[in-house]
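Below: the structure, in structure tokens.
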Amino acid sequence: MTKPIFNRVLLKVSGEALMGDQGFGIDVNVADRIASDIAQVRSMGVEIGIVVGGGNIFRGVAVASKGGERVTGDHMGMLGTVINALALATSLRKMQVDTVVLSAIAMPEICQSFSQRATRSHMEAGRVVIFAGGTGNPFFTTDSAAALRAAEIGAEAIFKGTQVDGIYSADPKKDPNAIRFDALTHQQVLERGLQVMDVAAVAVARENYIPIIVFSIHERGGFGQIMAGGGRKTIVTEE
């Protein structure tokens, strides 16, 4: 068996990734495919925490943009992340991967509540842990939640699954001249305003010396290839 380059990681999956080619909601086939990639990496002995977004269901900023209260909008978005977390957990369990959902917002009838101690216990027992509800606070993105949870569980890297195969100087789908980077520092990401994760998330990763690895969530087996030391990605480190 190939020895993984990390023993414990945090995977960030956007809500948009789960909807596939649909305009809304969850494409079960896509969720199953992502779950399959996660299962492959788990079989390598890697402990995995996952933060899932909610943009395929609701974005809190949409309420604020229409004159509504941002706090209420963000709470609605947090509920969307819980729906996605339950869907991804279902896909993983179908593949016989022991999985638990921990929510930053108490929902005892639906899933367990997040605590650092419970998370470490689950991961040490071999379970994949999916973090729902973002940080549990308005005004913070699920990117920030990913960086925060990564620091809390002692993750050795944050894997950010995106729509493209790394970080580019501009959106490669809109700008054919966009330059792809193989490696960057946290500071370069911040200084250049590269839209890979929000500023707070990158700052937390930098302060805790956690590398960010950006790759395409749509490339089948891509997660495992990177974990084996190959694959196509952009690595963000402190040096």
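The values are calculated or read from the model by the stated rules, or taken from the named source; none is laboratory data. What you are looking at is a predicted structure, and each value in this text was computed from that prediction instead of being measured. With ideal geometry, Cβ positions are generated from the backbone for all residues, glycine too; neighbour counts draw on all protein chains shown.
Remarks
- Matching residues in the range 18-59 - criterion: being acidic (Asp, Glu) and within 27 Å of Thr2 (Cβ to Cβ): Asp32, Asp37, Glu47
- Elements of type helices (runs of 4 or more DSSP H) in the range 1-104, at least 2 residues being at pLDDT below 90 and small (Gly, Ala, Ser): 60-65
- One residue from Ile167, Ile179 being surrounded by 18 or more Cβ atoms within 10 Å (Cβ to Cβ) and either at pLDDT below 95 or at negative phi (or both): Ile167
- Residue in the range 52-67 that is surrounded by fewer than 18 Cβ atoms within 10 Å (Cβ to Cβ) and basic (Lys, Arg) present: yes
- In the range 220-239, the residues that are at positive phi reach residues that are assigned to a strand (DSSP E or B) and aromatic (Phe, Trp, Tyr) with C-beta atoms within less than 7 angstrom, at least six apart or across chains, in these pairs: Gly231/Phe215.
- Flag if Gly73 is closer than 18 Å to Ala132 by Cβ and surrounded by fewer than 18 Cβ atoms within 10 Å (Cβ to Cβ): no
- Within the range 14-39, residues that are within 14 Å of Leu86 (Cβ to Cβ) have Cβ atoms under 8 Å from residues that are of a type in the set (Asp, Glu) in these pairs: Leu18/Asp27, counting only partners at least 6 apart in sequence or on another chain.
- Matching residues, the range 113-126, being surrounded by fewer than 19 Cβ atoms within 10 Å (Cβ to Cβ) and either farther than 18 Å from Leu86 by Cβ or within 17 Å of the chain's Cα centre (by Cα) (or both): Ser115, Gln116, Arg117, Arg120, Ser121, Glu124, Ala125, Gly126
- Within the range 47-85, the set of residues being touching a strand residue (DSSP E or B) at 6+ places or on another chain (Cβ under 6 Å) and of a type in the set (A, V, I, L, M) comprises Ile48, Ile50, Val51, Val52, Val82, Ala85.
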